[in-house]
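The values are calculated or read from the model by the stated rules, or taken from the named source; none is laboratory data. In this text, all values refer to a predicted model and were calculated from it rather than measured experimentally. Please note: Cβ atoms are built from the backbone with ideal geometry, for glycine as well, and neighbour counts cover all protein chains shown.
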Amino acid sequence: MKIVFVCTGNTCRSPMAAAIWREQGIEVQSAGVHAAHGAPMSHFAQQALAEKGLPAEHSSQPVTAELLEWADVVLTMTSSHKEAILYRFPHVEDKVYTYAEYAAPDNPFEIADPFGGTLQDYQFTLYQLEELQKQMLMRLEKNSD
C-alpha cells in the first residue's frame, strides 16, 4: 500500500504521520495543500518524533497530480484539506479520505494543527496520529483475514 498524507504546509502533521508509518515498512509520502518546496519539518514536530525514537528527515512539497497518482490512498488531516484536493483533482475522489474517516469510520475527527503551539501540542497531535494508526492497522488486519 502506498499512502500520501496531506496537511496544510507539510511541516507538522503530515510528515509526522508519514514518519510513524515508515516504521511499519509502508511506502509513504507527505505533502501540503499550501506547501512550498523544501521547508524542513517544524522543530517541535522533530522533537516529538525524536522522543519516540523516530527519524525526522523531511523536506516539504506541495500536492501534485503525480503524487496523487502514485498513491493507493490519500489521507488528509482535515475535511478542508480533502475538499481542497478534490476541488483541484476531482479524478482522485475514490481514494481521498480524511485520516480519521479512513482509520476510524465510526469516530471521525479533525486533527488540529499544532503549528505555532507548544511542544505539548505537537506531542498530542503525534498521539492522535499514533492512535489512528493503531485503529487503521487493526482494520487492515481484519480485512486481510
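Structural remarks
- Taking residues in region 1-15 that are more than 10 Å from A71 (Cβ to Cβ), and partners anywhere that are among the aromatic types (F, W, Y) and at pLDDT 95 or above, the pairs with Cβ atoms closer than 6 Å and at least 6 places apart or on different chains are C12/F115; S14/F5.
- Answer residue from region 96-133, given it is among the charged types (D, E, K, R), more than 20 Å from P55 (Cβ to Cβ) and part of a helix (DSSP H, G or I) and is modelled with the highest pLDDT among those: D121
- Any hit, region 33-45, residues being small (G, A, S) and either touching a Pro at 6+ places or on another chain (Cβ under 6 Å) or outside any loop (DSSP other than H, G, I, E, B) (or both): yes
- Residue in region 1-32 that is farthest from E141 (Cα to Cα), counting only those that are in contact with a Gly (Cβ under 8 Å, 6 or more places away or on another chain) and part of a loop (DSSP other than H, G, I, E, B): G9
- Hey, E141 surrounded by fewer than 17 Cβ atoms within 10 Å (Cβ to Cβ), more than 20 Å from I26 (Cβ to Cβ) and of a type in the set (D, E) or not: no
- Test: residue in region 64-84 that is touching a His at 6+ places or on another chain (Cβ under 8 Å) and at pLDDT 95 or above: no
- Region 55-67: number of residues that are part of a loop (DSSP other than H, G, I, E, B) and either out of contact with any helix residue (DSSP H, G or I) (no Cβ under 8 Å at 6 or more places or on another chain) or closer than 11 Å to F5 by Cα (or both): 4
- Number of residues in region 68-83 that are surrounded by fewer than 18 Cβ atoms within 10 Å (Cβ to Cβ), in contact (Cβ under 8 Å) with a residue 12 or more places away in the chain and within 15 Å of C7 (Cβ to Cβ): the value is 1.
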